[in-house]
Amino acid sequence: MHSGTIAIAGRPNVGKSTLLNRLVGAKLSITSRKAQTTRHRILGVRTDANAQYVFLDTPGFQTKHRNALNKAMNRAVTDALASADVAMVVVDAVGWRAEDEAVIALLPQGHPAVLVINKADRVKNQAELLALAERASKLADFAAIVPVSAKTGKNEDLLLGALAKHLPLGVPMYEPDTLTDRPERFLAAELIREKVFRLSGEEIPYGCEVVIDKFELDGKLRRILATILVDRPGHKSILVGSGGEKMKRIGTEARQDMEQLFGGKVFLELWVKVKGGWADNASMLRTLGYQ
Ligand SMILES: Nc1nc2c(ncn2[C@@H]2O[C@H](COP(=O)(O)OP(=O)(O)OP(=O)(O)O)[C@@H](O)[C@H]2O)c(=O)[nH]1
Ligand SMILES: [Mg+2]
């Protein structure tokens, strides 16, 4: 059986996490319109009759370092690329940028790389895809170039076929029904963070983090107590202000996603706390699970 790891790398916002979720058939990795949504390496497993794909979703690669968090995020990208059997570089069908070239420059020698042109649903003229493929193939020797749409599922099978060919033959690493190596506690925190990214303005998401204070199984019910850390007092007032409507929505939507992913009822209680400077504090970042 073909079985191995595939690092998913690309600049922010090209649809890496949407693609991971599509490929594993579950909402494992959080997604939003905002750049830098993914902050950790997210492992997702898909097991078919002839192949086991162990995907490693990674944060969008940053060409500008702002703080220790950004550095940790970029490290997650280079570590995943170094450890994976195959690299999958994702670019956006609309708009080539210098950052795409920076990602291609990270590809380690000697590992096969596949270029994925995502968001193909946004391109009417196929010549545009060809021009992009040509441009990219001047920069690296890609084993395959596949246009896909993570949104519609277009060319999913073609992509899987192109990847399987380059996975080593051997015994699968995970049981066939394994989805991820991340515990529910981690996934719960991520789903809450996704709602903050999706439901609050431009500034709050980048300064926010989520900590699970309690995660208890009470029969089939999961009781979760979580705190959203924000960078500034002003951010806290925006989140909890105006009758707590925003917090209610964040809580409801996060809870619904958790119930879907975990397959059981969830009771979720959310708090907001101000914790300035966490994103540039090495020991705090370690506590939060960054390496
Ligand atoms: N039209 C279209 N939109 C897509 C497609 N794939 C992803 N998107 C959208 O693109 C945006 C970014 O998607 P993500 O999956 O969060 O992107 P990402 O590359 O993981 O982003 P970071 O984690 O921030 O690096 C979201 O609004 C997605 O809905 C696609 O195939 N077609
Ligand atoms: Mg992502």
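The values are calculated or read from the model by the stated rules, or taken from the named source; none is laboratory data. What you see is a predicted model, and the numbers here were worked out from it, not measured in a lab. Virtual Cβ from ideal backbone geometry, glycine too; neighbours counted across all protein chains shown. For accessibility, only protein heavy atoms count, side chains too; no ligands or nucleic acids. Shrake-Rupley method; radii C 1.70, N 1.55, O 1.52, S 1.80 Å.
Observations on the model:
- Phi angles of region 160-169 translate, via the Karplus equation with coefficients 6.51, -1.76, 1.60 and θ = phi - 60°, into HN-Hα couplings of 4, x, 5, 6, 4, 3, 9, 7, x, 8 Hz per residue; Gly and Pro are given as x.
- Rounded to whole Hz, the Karplus (6.51, -1.76, 1.60) HN-Hα couplings of region 16-27, x for glycine and proline: 4, 6, 4, 5, 4, 4, 4, 5, 9, x, 7, 8
- Between V272 and I228, the built amide H atoms are under 5 Å apart, and every one of these is 5 or more places off in sequence or on another chain.
- Mean separation of Cα contacts under 8 Å (6+ apart) over length of region 28-90, as relative contact order %: 26 percent
- Rounded accessible area per residue of region 1-79, 1.4 Å, Å²: 32 Å²
- Here the Karplus curve 6.51 cos²θ - 1.76 cosθ + 1.60, taken at θ = phi - 60°, turns the phi angles of region 207-223 into couplings of x, 10, 8, 10, 10, 8, 8, 8, 9, 10, 9, 10, x, 9, 8, 9, 9 Hz, with x standing for Gly and Pro.
- Measuring nothing but protein heavy atoms, the accessible surface of the chain at 1.4 Å probe radius is 50 percent carbon and sulfur.
- The separation of region 238-256 from region 77-117, counted between C-alpha centres, amounts to 37 Å.
- Taking the Cα centre of region 181-287 as origin and assigning +1 to Lys and Arg Cβ atoms and -1 to Asp and Glu Cβ atoms, the resulting dipole is close to 260 debye.
- Per-residue [θ]222 nm for the chain (sum of -39500 (n - 2.57) over DSSP H runs n ≥ 4, rounded to 500): -10500 deg cm²/dmol
- For V148, the residues 5 or more places off, or on other chains, whose built amide H falls under 5 Å of its own are I117, N118, K119, A120.
- Loop GluC sites (Glu not before Pro), region 201-291 (other Cβ atoms within 10 Å of the site Cβ: 10 or fewer; DSSP): E202
- Accessible area in square angstrom per residue, region 218-291, 1.4 angstrom probe: 58 Å²
- Restricting region 121-211 to trypsin sites (Lys or Arg not before Pro) in coil, as DSSP defines it, with at most 10 other Cβ within 10 Å: K124, K138
- Loop-located trypsin sites (Lys or Arg not before Pro) in region 215-277 (DSSP state not H, G, I, E or B) with no more than 15 neighbouring Cβ atoms inside 10 Å: K220, K265.
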